[in-house]
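The next block holds one structure in the form of structure tokens; read it before the comments.
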Amino acid sequence: MKKRIDTPSLITPDYEDGGLFKKPPTELVVDLIPKFGKNSRGDVIIKGLVKRDVHDVEVDVIFAGRRKSESGELVTLLKRKWDNANYRVAKTPARKEVRLPTRVQGSWRMRVAEVDDEDAQELYTKEYQLLVARWAFNSDTGEFRSFGEPPFQEQMVKRASGSGGA
């Protein structure tokens, strides 16, 4: 287990990505919805819906480390979409009805959490989190926007094999 570094200036991209992306990256489209949060490290968390079989599964999409500062435009766009959805209707829509399809490259991790419901059969539940390295979406003007960078380890493999940069 890596020792935690308290001085942010000492955290290199290699060290940061080694802690974030422990599994090989995957690419998929996630429908982001306007539900936001932050964790104790100040990482940006946006709820997303991922297709699984015939229904959607809600997951936490996490923009961590140096990538969280680039998530501002995405958060602003989702907030604007939510405001527009509320402006046009008499009844507030469900947040899951306001979606922004976003292509994401990242790594999955599972978190085990206690179940709050005392009547539940299970004591714990599995929650899936998607740690984001790169993401892309169409802005409200239709412009294609892309942010982030591949995990550092993947960049080094590409450079060593001579296939160029990101």
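The values are calculated or read from the model by the stated rules, or taken from the named source; none is laboratory data. The shown structure was predicted, so the numbers you read here are calculated from the model rather than taken from an experiment. Quick reminder, even Gly has a Cβ in these numbers, built from the backbone with ideal geometry, and neighbours come from all protein chains shown.
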Single residue of LYS91, LYS81, LYS51 found to be more than 24 Å from GLY19 (Cβ to Cβ), more than 12 Å from the chain's Cα centre (by Cα), assigned to a helix (DSSP H, G or I) and basic (Lys, Arg) | LYS81
Kindly list, by first and then second residue, each pair from a residue in the stretch 123-152 that is of a type in the set (Val, Ile, Thr) to a residue that is in a loop (DSSP other than H, G, I, E, B), limited to pairs with Cβ atoms under 8 Å and residues at least 6 apart or on different chains.
-> THR125/VAL115; VAL132/ALA64
Out of all the residues in the stretch 86-98, is one or more touching a strand residue (DSSP E or B) at 6+ places or on another chain (Cβ under 8 Å), of a type outside the set (Lys, Arg), under 19 Å from PHE137 (Cβ atoms) and touching a residue at least 24 places away in the same chain (Cβ under 8 Å)?
-> yes
Across (1) exposed (fewer than 14 other Cβ atoms within 10 Å of the Cβ); (2) without any contact (Cβ under 8 Å) to a residue 24 or more places away in the chain; (3) outside any loop (DSSP other than H, G, I, E, B), GLU73 clears everything bar (2)
Among (1) modelled with pLDDT of 95 or more; (2) loosely packed, with under 15 Cβ neighbours inside 10 Å, where does ARG52 come up short?
-> (1)
Give me a count of the residues in the stretch 1-47 that are of a type in the set (D, E, K, R), part of a loop (DSSP other than H, G, I, E, B) and at pLDDT below 90.
-> 7
If you check VAL115 against the conditions, is it of a type outside the set (S, T, N, Q) and more than 27 Å from ILE11 (Cβ to Cβ)?
-> yes
